[in-house]
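Trainee: Just dropping this structure here.
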Amino acid sequence: HTTHNKERALLSRSHPFAMSESPRIDQSAASNTKWLLSSIDCNAISFNGRLLAVLAFVILEAVLLAPVQYPKVDLSFPYSCSSSFPSFSSSSLCGNSSSWTDPSLNKANVVRVLPCAWPSWPTPANQSLCHDPGPFKFQSPKNSTTGFPLLIPMPPPNPTGKQHVMMDMFRRGFLFTKPTKVGGSTATGISLRMAKNMAERLKKDFAVCDGNYPHGIGALFQQRARNKKSFLWSLVREPTKRCISWFYHFQYSRQGLEPTRSNFVRFEMSDFQDYYIRLHTFQRGKLRNVTTMHRNTNNISSNNSNYTAAMTQFINNILNEYDFIAVTERFDESMVVMQMLLDVPLGDALYLKAKSNGGYDGGGSQQGCTLIQPALNVPQELQDYLQSDHWKEVIQWDLKLYQAVNQSLDMTIDRLGRSKFEEQLQRFQMAQTIVEERCGPKAIWPCSANGTKRHPADTNCLFRDAACGYQCMDEVAQELNLV
């Protein structure tokens, strides 16, 4: 029952990492192999029998097929004829709790990028997720009337307390890994509104359920509490778009550095290459050095199976460690999926964009307010560089993760029920239109329209520039019965 397309895909490989662009296959050998495949009854063979059959097939292929050059690495999902092997089915769930510590570079493990559907949260999720942040986690501005925006962390009174608080900060509740220039401040606002509204629904004596949202340090969550006591999620953006946005925001807008190719390349190794991967290791230099070696020497190359196996396994471990990963380019879809997974009210996912081109950024800057310059006129020399094979190599692993997350999002929607999802998405986007029209003018951001920095107590945000205008969003959710 193996289809012709699957046979062609299998025949194009004689190594699990390799893909030939123009394989030279002996036709009689191909015919014999096709007969062998068509004669196998997958359902009648045990798991061990299937493994032996796969090994026999690889050996047979090596004997029958002519030598082939493999210029590229194939990280596509493996074909299979049984659920005993990984497949693109909705039964493949994320969240296997693998460790994302640095994988060994000395083993050529046969691994592939494995998209998966994000699992639904047990109902009710509120009791297990909503924890008291404690007396030293948050503080509010002295002249705040609402208790917000939160200022964190508040220093504990003694070193022992500080160590305890620092450990707990990254273990329980709503945990959000916030990469740079992916829409992270907007996503932080959603995470905070969920935590605040959950505490209110449960009538807790604290203002917001525990959680954390550090900028670009996913490795801090390696010791997070399990057994549904934490919900760990993140957000990814198409790598080239993220890098352009990063340069225009931090270098052009803040530093005045012109967007030339030579200036852009200066940050290639430190801030662009393997960015999403390096967020999840304390030993960032190690991965960076490995990447440097594969680009500049013949010892470790993009075709090297050791390097390929290590990086691919790292991506799979990231997928399995998270409870959900959203996609910037599919933000509304992602928020509706996360709301459905957690089984919280749809109104908790409403938002206002924290940053926009032509506005001012003062959320995380201690230097006042910075005008956000749009990346509208990217120089042609930089555009050409971003289309080069060199650049594609720079972002290849982040792109693999991005593609896997997109596929995982689709698999999750299918598992939840696409018609049910589409109905929720329509309701959500209708509410979003009202939020933008009504709450946008009422939001008081850290920076005024003319670039003046406000005191935190003079804003109506939950934290820095996250969830500004939250009272108005709560009102809209109430009026539309989305609570």
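The values are calculated or read from the model by the stated rules, or taken from the named source; none is laboratory data. What you see is a predicted model, and the numbers here were worked out from it, not measured in a lab. Please note: Cβ atoms are built from the backbone with ideal geometry, for glycine as well, and neighbour counts cover all protein chains shown. The protein model used for the area step is the full one, side chains on, heavy atoms only, and it has no ligands, DNA or RNA in it. Shrake-Rupley method; radii C 1.70, N 1.55, O 1.52, S 1.80 Å.
Trainee: Mind listing just one residue for me: the one in the range 464-475 that is among the charged types (D, E, K, R) and modelled with pLDDT of 95 or more and, of those, surrounded by the most Cβ atoms within 10 Å (Cβ to Cβ)?
Mentor: Among them, the one singled out is Asp474.
Trainee: Continuing with this model, one more query. Could you tell me which numbered condition Thr370 fails, if it satisfies all but one of (1) more than 30 Å from Ala225 (Cα to Cα); (2) out of contact with any Asp or Glu (no Cβ under 7 Å at 6 or more places or on another chain); (3) among the hydroxyl-bearing types (Ser, Thr, Tyr); (4) open to solvent by 10 Å² or more (accessible area, probe 1.4 Å)?
Mentor: (2)
Quick grid of which residues meet (1) at pLDDT 65 or above; (2) crowded, with 23+ Cβ neighbours inside 10 Å; (3) in contact with a Ser or Thr (Cβ under 7 Å, 6 or more places away or on another chain):
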residue: Asn106; (1), (2), (3): no, no, no
residue: Trp118; (1), (2), (3): yes, yes, yes
residue: Gly134; (1), (2), (3): yes, no, no
residue: Ser140; (1), (2), (3): yes, no, no
residue: Gly147; (1), (2), (3): yes, no, yes
residue: Pro155; (1), (2), (3): no, no, no
residue: His164; (1), (2), (3): no, no, no
residue: Leu175; (1), (2), (3): yes, yes, yes
residue: Gly189; (1), (2), (3): yes, yes, no
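Trainee: Of the numbered conditions (1) crowded, with 19+ Cβ neighbours inside 10 Å; (2) touching a Pro at 6+ places or on another chain (Cβ under 9 Å); (3) closer than 28 Å to Gln396 by Cβ, Gly211 satisfies every one except a single condition; which is it?
Mentor: (3)
Trainee: Test Ser185 against the stated conditions and say whether it is surrounded by fewer than 16 Cβ atoms within 10 Å (Cβ to Cβ) and under 21 Å from the mean Cα position of the chain (by Cα).
Mentor: Spelling it out, it is not the case that Ser185 is surrounded by fewer than 16 Cβ atoms within 10 Å (Cβ to Cβ) and under 21 Å from the mean Cα position of the chain (by Cα).
Trainee: Hey, another quick one. Within the range 221-267, track down each residue that is hydrophobic (A, V, I, L, M, F, W, C) and farther than 22 Å from Met338 by Cβ.
Mentor: Cys243, Ile244, Trp246, Phe247, Phe250, Leu257, Phe264, Val265, Phe267
Trainee: Note down all Cβ pairs under 9 Å where the first residue falls in the range 246-263 and is within 16 Å of Pro179 (Cβ to Cβ) and open to solvent by less than 40 Å² (accessible area, probe 1.4 Å), the second is among the aromatic types (Phe, Trp, Tyr) and not in a helix (DSSP H, G or I), and they're at least six residues apart or on different chains.
Mentor: Trp246/Phe267; Phe247/Phe267
Trainee: State whether the residues of the range 261-283 include one that is of a type in the set (S, T, N, Q) and modelled with pLDDT of 95 or more.
Mentor: There is at least one residue in the range 261-283 that is of a type in the set (S, T, N, Q) and modelled with pLDDT of 95 or more.
Trainee: Sticking with this structure for a sec: Taking the range 214-229, which residues are among the small types (Gly, Ala, Ser), open to solvent by less than 10 Å² (accessible area, probe 1.4 Å) and on the phi < 0 side of the Ramachandran plot?
Mentor: Within the range 214-229, Gly218, Ala219 meet the criteria.
Trainee: Turning to a different aspect of this structure: Taking the range 222-271 only, how many residues are in a loop (DSSP other than H, G, I, E, B) and of a type in the set (D, E, K, R)?
Mentor: 9
Trainee: What residue, among those in the range 221-238 that are among the aliphatic types (A, V, I, L, M) and touching a helix residue (DSSP H, G or I) at 6+ places or on another chain (Cβ under 8 Å), is modelled with the lowest pLDDT?
Mentor: Leu232
Trainee: Working carefully through the options Lys196, Lys241, Lys204, find the one that is of a type in the set (Lys, Arg), under 20 Å from Gln471 (Cβ atoms), surrounded by fewer than 18 Cβ atoms within 10 Å (Cβ to Cβ) and at pLDDT 90 or above.
Mentor: Lys204
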